[in-house]
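J.: Once you've had a glance at the structure underneath, I'll fire off some questions.
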Amino acid sequence: MPLHPQTARFLELLASWTAPPRGRDAGAEPTIEEMRARIGAAFPAVRRELAQVRDLTVPGPGGPVPVRLYRPAPPERGPLPAVVYLHGGGWVLGGVDDVDAACRDLAAEVGCAVLSVGYRLAPEHPFPAAVDDAFAVVASAAREPGAYGVLPGALAVAGDSAGGNLAAAVALMARDRGTPLVHQLLVYPVTDTAMDTPSWREYGGGYGLDAGTLARFMDLYRAGADPSDPRLAPLRAPDLSGAAPATVITAEYDILRDEGEAYADRLAAAGVPVEARRYDGVVHSFFLLAEIFDAGAEAMEFAVRRLRAAFDDHARQGSAA
C-alpha cells in the first residue's frame, strides 16, 4: 500500500533529528559517538509509572551485565512471568533507556516482569559479546527465578531489530542448552548476513533504516566472524525445530521485512508454532513509536496478546501436570 501519511511525517522528523552538526558536510558519515548521542533524542516517549523499576547486574562472560527490571506489581504480591527484552540499534547503538517506555508498557499490559538487557556494544565488543550477554541474563532468570521475582519456567524473550536478532539467536541457544522458553517475540528482526533480499534493494535508502548504515554496523559487530553462525544469522541455522513458539512482526517499507518473514516461514516449516504479521504503509521503528504511528499501538497490542496467551498456556499446562 502507499506510504502512510504518519510515515511520511515520521521520515521528515527523522531527517531533522539526524541532520549533521552545523559545519559538517551533509554527505559525511557521522561517527559512532555522534550517532549514539543522537539516538536518545530521536525516540521521545511518555513513560508510565510502575510498582517497581530498578537497575541491577547479572554475571556475564565479560563482566556484570546491566539489567533494568520492571514489575507492574510490588514483589510482595508474588512472582510473575517474565520477558527478557533486547533493544535494537544495530548492535552498536542504544541501551535500556531507549526502550524504557516500551518495556514499561509490556510489563503493565502483559502483567509480567520485564528484564531489559544492557548488553555490550560493538565495535568495542564485537560478536559474540552481545548474544553472550543476552543469553547470560536468560540463563540466570531461568536458573534463579526467585532472584528476580519470576515464576519458574514462565520465561519469554523479545527484541526489536538487532535485538530481534539477539532474541532469535538466544531462543536457539536456549533450545540447545536445555533452557526452556515459552515464547519469542521478534520485531522486524535481523535474521541473516546476506543483505540481498528484494526489500534490502527496494527500501535501502529514504525509508528510515538505511541499508548502508546497517551494513556498516553489521561489519563492526561481525568483525570477521563466520557469516553463517546461527548466533549471528539465525536464518542460516540448519534446524529450527524445537525452538520456542514465535511471533514475528514486520513493516512493509523496511529493508529487514523479507528476512523476518523468511524466518517466520522457516520456523513454521520446522513445526514451530508461529504467527507473523506485516504492518503495511510503515517503516522500521514504528513499533516503538505509538505516539507517531497508529500501527505501532496496534502492533504493541498484538504483541501483548501473544505474550499473554503464551504465559496463559504455560500456566494451564502446569496446572494439568
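J.: When you scan the range 158-247 for helices (runs of 4 or more DSSP H) that lie fully inside it, which ones turn up with 3 or more residues that are surrounded by 16 or more Cβ atoms within 10 Å (Cβ to Cβ)?
T.: Result: 162-176, 211-222.
J.: Within the range 139-157, track down each residue that is open to solvent by less than 10 Å² (accessible area, probe 1.4 Å) and farther than 25 Å from D98 by Cα.
T.: A154
J.: Only residues in the range 142-171 that are under 21 Å from T57 (Cα atoms) count as the first member; pair them with residues that are crowded, with 24+ Cβ neighbours inside 10 Å and of a type in the set (K, R), Cβ under 6 angstrom, at least 6 apart or cross-chain, and list the lot.
T.: Short answer, once both residue conditions are applied: none.
J.: Here is a list: V282, V272. Which entry is buried (at least 19 other Cβ atoms within 10 Å of the Cβ) and part of a strand (DSSP E or B)?
T.: V282
J.: Still on this model: Condition first: open to solvent by less than 30 Å² (accessible area, probe 1.4 Å) and in contact (Cβ under 8 Å) with a residue 40 or more places away in the chain. Now tell me which residues in the range 285-309 satisfy that.
T.: S285, F286, F287, L289, F293, A295, A299, M300, F302, A303, V304, L307
J.: A further question follows. Checking D98 against (1) crowded, with 19+ Cβ neighbours inside 10 Å; (2) assigned to a loop (DSSP other than H, G, I, E, B); (3) at pLDDT below 95: exactly one of these is not met. Which one?
T.: (2)
J.: Is there any pair linking a residue in the range 220-235 that is in contact (Cβ under 8 Å) with a residue 60 or more places away in the chain to one that is assigned to a loop (DSSP other than H, G, I, E, B) and of a type in the set (V, I, T), with Cβ under 6 Å and at least six apart or on different chains, and which?
T.: Once the first residue is in contact (Cβ under 8 Å) with a residue 60 or more places away in the chain and sits in the range 220-235, its partners that are assigned to a loop (DSSP other than H, G, I, E, B) and of a type in the set (V, I, T) give L220/V92; P234/T191.
J.: Does L267 satisfy the condition of being surrounded by 22 or more Cβ atoms within 10 Å (Cβ to Cβ) and part of a loop (DSSP other than H, G, I, E, B)?
T.: Here the answer is no, as L267 does not meet what is asked.
J.: Follow-up. Pairs needed: first member in the range 65-83, farther than 19 Å from L307 by Cα; second member anywhere, part of a loop (DSSP other than H, G, I, E, B) and not aliphatic (A, V, I, L, M); C-beta distance under 6 Å; at least 6 residues apart or different chains.
T.: P66/G118; P75/G149
The values are calculated or read from the model by the stated rules, or taken from the named source; none is laboratory data. Since the model is a prediction, treat every value here as computed from it, not as a measurement. Ideal geometry is used to build each Cβ from the backbone, glycine not excepted, and the neighbour counts take in all protein chains shown. Remember, those area values only see protein heavy atoms, side chains included, never the ligands or the DNA or RNA. Shrake-Rupley method; radii C 1.70, N 1.55, O 1.52, S 1.80 Å.
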